[in-house]
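*Asks:* First the structure, then my questions, so here it is.
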Amino acid sequence: METVIFGLPLALFVAAIIVSVFAGFVKGAVGFAMPMVMISGFSMFLPAQTALAALIFATVLTNVAQAFRQGPRAAIDSLVKYKRLIGVLVVFIFISAPLVTILPAWLLYLLLGVPILLFAVTQLMGRQLTLSAERRNRAEVLMGAVAGFFGGISGVWGPPIVAYLLSFNTEKAEMVRVQGVVFLIGGVVLLGSHLTSGVLNAQTIPLSAALIIPASVGMWLGFRVQDRLDPVKFRKATLAILAIAALNLVRKGLMG
(Lines give C-alpha, C1' and ligand atoms only; values in the text may rest on other atoms or scores of the structure.)
Protein backbone atom coordinates (compact mmCIF):
# COMPACT_ATOMS: atom_id res chain seq x y z
CA MET A 1 0.00 0.00 0.00
CA GLU A 2 1.43 3.40 -1.03
CA THR A 3 2.30 5.80 1.79
CA VAL A 4 0.36 9.08 1.58
CA ILE A 5 1.46 12.21 3.49
CA PHE A 6 -0.73 15.32 3.55
CA GLY A 7 -2.63 14.04 0.56
CA LEU A 8 0.45 13.23 -1.54
CA PRO A 9 2.27 9.97 -2.25
CA LEU A 10 5.54 9.85 -0.29
CA ALA A 11 7.74 10.46 -3.35
CA LEU A 12 5.79 13.57 -4.33
CA PHE A 13 5.82 14.89 -0.77
CA VAL A 14 9.61 14.50 -0.65
CA ALA A 15 9.83 16.32 -3.99
CA ALA A 16 7.71 19.15 -2.53
CA ILE A 17 10.10 19.39 0.45
CA ILE A 18 13.13 19.62 -1.86
CA VAL A 19 11.50 22.35 -3.95
CA SER A 20 10.58 24.25 -0.77
CA VAL A 21 14.13 24.15 0.64
CA PHE A 22 15.58 25.40 -2.64
CA ALA A 23 12.92 28.13 -2.94
CA GLY A 24 13.66 29.26 0.61
CA PHE A 25 17.39 29.36 -0.11
CA VAL A 26 16.91 31.57 -3.17
CA LYS A 27 14.61 33.89 -1.22
CA GLY A 28 17.07 34.14 1.65
CA ALA A 29 19.93 34.95 -0.73
CA VAL A 30 18.25 37.67 -2.85
CA GLY A 31 15.00 38.47 -1.03
CA PHE A 32 12.45 37.15 -3.53
CA ALA A 33 11.55 34.37 -5.98
CA MET A 34 10.16 31.85 -3.49
CA PRO A 35 6.67 31.73 -5.07
CA MET A 36 8.17 31.58 -8.57
CA VAL A 37 10.47 28.69 -7.68
CA MET A 38 7.69 26.90 -5.81
CA ILE A 39 5.00 27.31 -8.47
CA SER A 40 7.46 26.22 -11.16
CA GLY A 41 8.64 23.19 -9.23
CA PHE A 42 5.28 22.11 -7.84
CA SER A 43 3.58 22.43 -11.23
CA MET A 44 5.77 19.62 -12.52
CA PHE A 45 3.94 17.08 -10.35
CA LEU A 46 0.90 18.80 -8.82
CA PRO A 47 -2.31 20.24 -10.31
CA ALA A 48 -2.10 24.01 -10.79
CA GLN A 49 -4.49 24.96 -7.99
CA THR A 50 -2.83 22.54 -5.53
CA ALA A 51 0.58 23.98 -6.46
CA LEU A 52 -0.71 27.49 -5.76
CA ALA A 53 -2.21 26.47 -2.42
CA ALA A 54 0.98 24.68 -1.36
CA LEU A 55 3.14 27.81 -1.53
CA ILE A 56 0.87 30.24 0.35
CA PHE A 57 1.61 29.51 4.03
CA ALA A 58 5.39 29.30 3.52
CA THR A 59 5.30 32.56 1.56
CA VAL A 60 3.53 34.37 4.39
CA LEU A 61 5.67 33.05 7.25
CA THR A 62 9.06 33.50 5.58
CA ASN A 63 8.14 37.07 4.72
CA VAL A 64 7.52 37.75 8.41
CA ALA A 65 11.15 36.80 9.07
CA GLN A 66 12.40 38.87 6.13
CA ALA A 67 10.34 41.97 6.91
CA PHE A 68 11.31 42.10 10.58
CA ARG A 69 14.95 41.02 10.27
CA GLN A 70 16.16 44.57 11.09
CA GLY A 71 13.47 45.04 13.72
CA PRO A 72 9.87 46.33 13.89
CA ARG A 73 10.84 50.02 13.55
CA ALA A 74 12.58 49.49 10.21
CA ALA A 75 9.66 47.39 8.94
CA ILE A 76 7.13 50.09 9.90
CA ASP A 77 9.25 52.79 8.22
CA SER A 78 9.27 50.74 5.00
CA LEU A 79 5.51 50.23 5.26
CA VAL A 80 4.94 53.98 5.50
CA LYS A 81 7.42 54.85 2.75
CA TYR A 82 5.90 52.40 0.26
CA LYS A 83 2.26 52.67 1.35
CA ARG A 84 1.09 53.62 -2.15
CA LEU A 85 2.74 50.60 -3.76
CA ILE A 86 1.37 48.29 -1.08
CA GLY A 87 -2.16 49.72 -1.23
CA VAL A 88 -2.47 49.29 -4.99
CA LEU A 89 -0.97 45.78 -4.77
CA VAL A 90 -3.58 44.72 -2.20
CA VAL A 91 -6.50 46.11 -4.21
CA PHE A 92 -5.43 44.31 -7.39
CA ILE A 93 -4.85 40.99 -5.61
CA PHE A 94 -8.46 41.12 -4.43
CA ILE A 95 -9.64 42.04 -7.93
CA SER A 96 -7.74 39.30 -9.76
CA ALA A 97 -7.90 36.36 -7.33
CA PRO A 98 -11.41 35.30 -8.46
CA LEU A 99 -10.13 35.14 -12.05
CA VAL A 100 -7.77 32.25 -11.26
CA THR A 101 -10.17 29.71 -12.77
CA ILE A 102 -11.17 31.89 -15.75
CA LEU A 103 -8.17 33.46 -17.52
CA PRO A 104 -5.76 31.26 -19.53
CA ALA A 105 -2.56 30.78 -17.56
CA TRP A 106 -0.33 30.73 -20.65
CA LEU A 107 -1.33 34.27 -21.60
CA LEU A 108 -0.67 35.60 -18.11
CA TYR A 109 2.76 33.97 -17.96
CA LEU A 110 3.78 35.59 -21.26
CA LEU A 111 2.42 39.02 -20.35
CA LEU A 112 4.40 38.96 -17.12
CA GLY A 113 7.51 37.10 -18.24
CA VAL A 114 8.46 38.92 -21.47
CA PRO A 115 8.80 42.50 -20.13
CA ILE A 116 10.53 41.35 -16.94
CA LEU A 117 13.00 39.29 -18.99
CA LEU A 118 13.78 42.29 -21.21
CA PHE A 119 14.33 44.46 -18.13
CA ALA A 120 16.66 41.98 -16.42
CA VAL A 121 18.72 41.22 -19.54
CA THR A 122 19.23 44.87 -20.46
CA GLN A 123 20.28 45.63 -16.89
CA LEU A 124 22.79 42.76 -16.90
CA MET A 125 24.17 44.08 -20.20
CA GLY A 126 24.93 47.40 -18.55
CA ARG A 127 21.96 49.43 -19.80
CA GLN A 128 20.93 50.49 -16.33
CA LEU A 129 17.41 51.90 -16.05
CA THR A 130 17.09 54.38 -13.21
CA LEU A 131 14.02 56.52 -12.64
CA SER A 132 13.99 60.01 -11.18
CA ALA A 133 12.30 60.73 -7.86
CA GLU A 134 9.46 62.68 -9.49
CA ARG A 135 8.37 59.51 -11.31
CA ARG A 136 8.18 57.44 -8.13
CA ASN A 137 4.47 57.95 -7.47
CA ARG A 138 3.37 56.89 -10.95
CA ALA A 139 5.82 53.99 -10.96
CA GLU A 140 4.50 52.77 -7.60
CA VAL A 141 0.90 52.77 -8.83
CA LEU A 142 1.79 51.01 -12.09
CA MET A 143 4.01 48.35 -10.55
CA GLY A 144 1.61 47.78 -7.66
CA ALA A 145 -1.25 47.21 -10.11
CA VAL A 146 0.76 44.85 -12.32
CA ALA A 147 2.16 42.90 -9.37
CA GLY A 148 -1.22 42.60 -7.65
CA PHE A 149 -3.04 41.50 -10.79
CA PHE A 150 -0.62 38.68 -11.54
CA GLY A 151 -0.16 37.84 -7.88
CA GLY A 152 -3.83 37.19 -7.27
CA ILE A 153 -3.97 34.76 -10.17
CA SER A 154 -0.62 32.97 -9.98
CA GLY A 155 0.82 33.73 -6.52
CA VAL A 156 3.76 35.43 -8.28
CA TRP A 157 4.12 39.18 -7.72
CA GLY A 158 7.85 39.48 -7.10
CA PRO A 159 9.27 40.48 -10.52
CA PRO A 160 7.45 43.82 -10.94
CA ILE A 161 8.27 44.82 -7.34
CA VAL A 162 11.94 43.89 -7.73
CA ALA A 163 12.15 45.70 -11.07
CA TYR A 164 10.68 48.80 -9.43
CA LEU A 165 13.16 48.75 -6.53
CA LEU A 166 16.12 48.17 -8.85
CA SER A 167 15.01 51.10 -11.02
CA PHE A 168 15.46 53.45 -8.06
CA ASN A 169 18.84 51.97 -7.01
CA THR A 170 17.43 50.88 -3.65
CA GLU A 171 20.12 49.99 -1.10
CA LYS A 172 20.57 46.26 -0.39
CA ALA A 173 19.24 46.03 3.18
CA GLU A 174 16.29 48.30 2.41
CA MET A 175 15.50 46.44 -0.79
CA VAL A 176 15.33 43.07 0.97
CA ARG A 177 13.30 44.51 3.87
CA VAL A 178 10.84 46.31 1.58
CA GLN A 179 10.34 43.13 -0.41
CA GLY A 180 9.59 41.31 2.84
CA VAL A 181 7.04 43.92 3.93
CA VAL A 182 5.33 44.12 0.53
CA PHE A 183 5.32 40.36 0.03
CA LEU A 184 4.07 39.74 3.57
CA ILE A 185 1.05 41.99 3.12
CA GLY A 186 0.41 40.60 -0.35
CA GLY A 187 0.74 37.06 1.01
CA VAL A 188 -1.81 37.67 3.76
CA VAL A 189 -4.24 39.10 1.21
CA LEU A 190 -3.59 36.16 -1.11
CA LEU A 191 -4.24 33.75 1.75
CA GLY A 192 -7.54 35.40 2.57
CA SER A 193 -8.54 35.58 -1.09
CA HIS A 194 -7.95 31.89 -1.69
CA LEU A 195 -9.67 30.79 1.48
CA THR A 196 -12.67 32.39 -0.20
CA SER A 197 -11.92 31.08 -3.72
CA GLY A 198 -11.61 27.50 -2.47
CA VAL A 199 -7.98 27.03 -3.54
CA LEU A 200 -7.12 26.69 0.17
CA ASN A 201 -9.38 24.00 1.57
CA ALA A 202 -9.39 21.03 3.94
CA GLN A 203 -7.22 19.02 1.55
CA THR A 204 -4.62 21.67 0.65
CA ILE A 205 -4.20 23.57 3.94
CA PRO A 206 -2.29 20.76 5.74
CA LEU A 207 0.13 20.42 2.80
CA SER A 208 0.71 24.17 2.68
CA ALA A 209 1.36 24.28 6.43
CA ALA A 210 3.75 21.31 6.28
CA LEU A 211 6.02 23.11 3.80
CA ILE A 212 6.68 26.04 6.14
CA ILE A 213 9.56 24.25 7.90
CA PRO A 214 11.60 23.19 4.85
CA ALA A 215 11.12 26.62 3.28
CA SER A 216 12.31 28.28 6.50
CA VAL A 217 15.40 26.07 6.68
CA GLY A 218 16.28 26.98 3.10
CA MET A 219 15.76 30.67 3.85
CA TRP A 220 18.10 30.56 6.86
CA LEU A 221 20.82 29.10 4.64
CA GLY A 222 20.14 31.78 2.03
CA PHE A 223 20.45 34.56 4.63
CA ARG A 224 24.01 33.45 5.28
CA VAL A 225 24.83 33.89 1.59
CA GLN A 226 23.08 37.28 1.39
CA ASP A 227 25.08 38.66 4.30
CA ARG A 228 28.32 37.93 2.42
CA LEU A 229 27.28 39.61 -0.85
CA ASP A 230 28.52 43.14 -1.50
CA PRO A 231 25.99 45.55 -3.12
CA VAL A 232 27.31 45.09 -6.68
CA LYS A 233 27.26 41.29 -6.47
CA PHE A 234 23.87 41.41 -4.78
CA ARG A 235 22.41 43.47 -7.64
CA LYS A 236 23.88 41.12 -10.24
CA ALA A 237 22.61 38.06 -8.36
CA THR A 238 19.16 39.65 -8.08
CA LEU A 239 19.06 40.42 -11.80
CA ALA A 240 20.25 36.91 -12.68
CA ILE A 241 17.51 35.30 -10.57
CA LEU A 242 14.99 37.73 -12.04
CA ALA A 243 16.04 36.76 -15.59
CA ILE A 244 15.83 33.04 -14.79
CA ALA A 245 12.39 33.49 -13.23
CA ALA A 246 11.18 35.46 -16.24
CA LEU A 247 12.56 32.86 -18.65
CA ASN A 248 10.63 30.19 -16.80
CA LEU A 249 7.43 32.24 -16.98
CA VAL A 250 7.93 32.64 -20.76
CA ARG A 251 8.62 28.90 -21.08
CA LYS A 252 5.40 28.08 -19.25
CA GLY A 253 3.49 30.52 -21.45
CA LEU A 254 4.86 29.09 -24.70
CA MET A 255 4.12 25.54 -23.57
CA GLY A 256 0.53 26.67 -23.07
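The values are calculated or read from the model by the stated rules, or taken from the named source; none is laboratory data. As the structure is a computational prediction, the values presented were derived from the model and not from experiment. As a convention, Cβ positions derive from the backbone with ideal geometry for all residues, glycine included, and neighbour counts pool all protein chains shown.
*Asks:* Can you tell me which of ALA120, ALA139 is aliphatic (A, V, I, L, M), modelled with pLDDT under 90 and under 28 Å from PHE223 (Cα atoms)?
*Replies:* None of the others qualify; the one that does is ALA120.
*Asks:* Looking at VAL80, VAL64, VAL4, which one is in contact with a helix residue (DSSP H, G or I) (Cβ under 7 Å, 6 or more places away or on another chain) and surrounded by fewer than 24 Cβ atoms within 10 Å (Cβ to Cβ)?
*Replies:* Only one candidate qualifies: VAL64.
*Asks:* Ok, one more. Taking only the range 95-110 into account, find how many residues are surrounded by 16 or more Cβ atoms within 10 Å (Cβ to Cβ) and under 19 Å from GLU140 (Cα atoms).
*Replies:* 1
*Asks:* Out of all the residues in the range 158-177, which are within 13 Å of the chain's Cα centre (by Cα) and either surrounded by fewer than 20 Cβ atoms within 10 Å (Cβ to Cβ) or more than 15 Å from VAL90 (Cβ to Cβ) (or both)? Working first, answer last.
*Replies:* As a first pass, look at the range 158-177 and keep what is within 13 Å of the chain's Cα centre (by Cα): 158-163, 176.
Once the filter is applied, which keeps residues that are within 13 Å of the chain's Cα centre (by Cα) and either surrounded by fewer than 20 Cβ atoms within 10 Å (Cβ to Cβ) or more than 15 Å from VAL90 (Cβ to Cβ) (or both), the range 158-177 yields GLY158, PRO159, VAL162, ALA163, VAL176.
*Asks:* Find all pairs meeting these conditions: Cβ atoms under 8 angstrom apart; at least six residues apart or on different chains; first residue within the range 14-41 and free of Cβ contacts under 8 Å to residues at least 60 places away in the same chain; second residue among the aromatic types (Phe, Trp, Tyr) and crowded, with 24+ Cβ neighbours inside 10 Å.
*Replies:* That search, which allows pairs on different chains as well, returns VAL19/PHE42.
*Asks:* Quick one: which of GLY192, GLY222, GLY253 is in contact with a Gly (Cβ under 8 Å, 6 or more places away or on another chain), among the small types (Gly, Ala, Ser), part of a helix (DSSP H, G or I) and under 19 Å from ASN63 (Cβ atoms)?
*Replies:* Result of the check over GLY192, GLY222, GLY253: GLY222.
*Asks:* Sticking with this structure for a sec: Name the pairs: first residue in the range 229-248 and crowded, with 16+ Cβ neighbours inside 10 Å, second residue not in a helix (DSSP H, G or I), Cβ to Cβ under 7 Å, at least 6 apart or on different chains?
*Replies:* ALA237/LEU229; ILE241/ALA33; ALA245/ALA33
*Asks:* Just give me the residues in the range 27-41 being of a type outside the set (Gly, Ala, Ser) and either assigned to a loop (DSSP other than H, G, I, E, B) or at pLDDT below 90 (or both), in sequence order.
*Replies:* Answer for the range 27-41, where residues must be of a type outside the set (Gly, Ala, Ser) and either assigned to a loop (DSSP other than H, G, I, E, B) or at pLDDT below 90 (or both): VAL30, PHE32, MET34, PRO35, MET36, VAL37, MET38, ILE39.
*Asks:* Assuming ILE17 fulfils every condition listed in (1) under 14 Å from the mean Cα position of the chain (by Cα); (2) assigned to a helix (DSSP H, G or I) apart from one, which condition is it?
*Replies:* (1)
*Asks:* Among residues belonging to the range 63-74 that are out of contact with any Leu (no Cβ under 9 Å at 6 or more places or on another chain) and outside any loop (DSSP other than H, G, I, E, B), point out the one that is nearest to VAL178 (Cα to Cα).
*Replies:* ALA74
*Asks:* How many residues does the range 18-41 hold that are touching a Leu at 6+ places or on another chain (Cβ under 7 Å) and hydrophobic (A, V, I, L, M, F, W, C)?
*Replies:* Residues flagged as touching a Leu at 6+ places or on another chain (Cβ under 7 Å) and hydrophobic (A, V, I, L, M, F, W, C) within the range 18-41 amount to 3.
*Asks:* Quickly run through the range 213-236 and pick out the residues that are within 16 Å of the chain's Cα centre (by Cα) and either modelled with pLDDT under 90 or farther than 28 Å from TRP106 by Cα (or both). Full working, then the answer.
*Replies:* At the first step, the residues of the range 213-236 found to be within 16 Å of the chain's Cα centre (by Cα) are 215-216, 218-219, 222.
Once the filter is applied, which keeps residues that are within 16 Å of the chain's Cα centre (by Cα) and either modelled with pLDDT under 90 or farther than 28 Å from TRP106 by Cα (or both), the range 213-236 yields SER216, GLY218, MET219, GLY222.
*Asks:* Can you tell me which of (1) assigned to a helix (DSSP H, G or I); (2) at pLDDT 90 or above; (3) more than 16 Å from the chain's Cα centre (by Cα) is the one ASN201 doesn't meet?
*Replies:* Only one criterion in (1) assigned to a helix (DSSP H, G or I); (2) at pLDDT 90 or above; (3) more than 16 Å from the chain's Cα centre (by Cα) is unmet by ASN201, namely (1).
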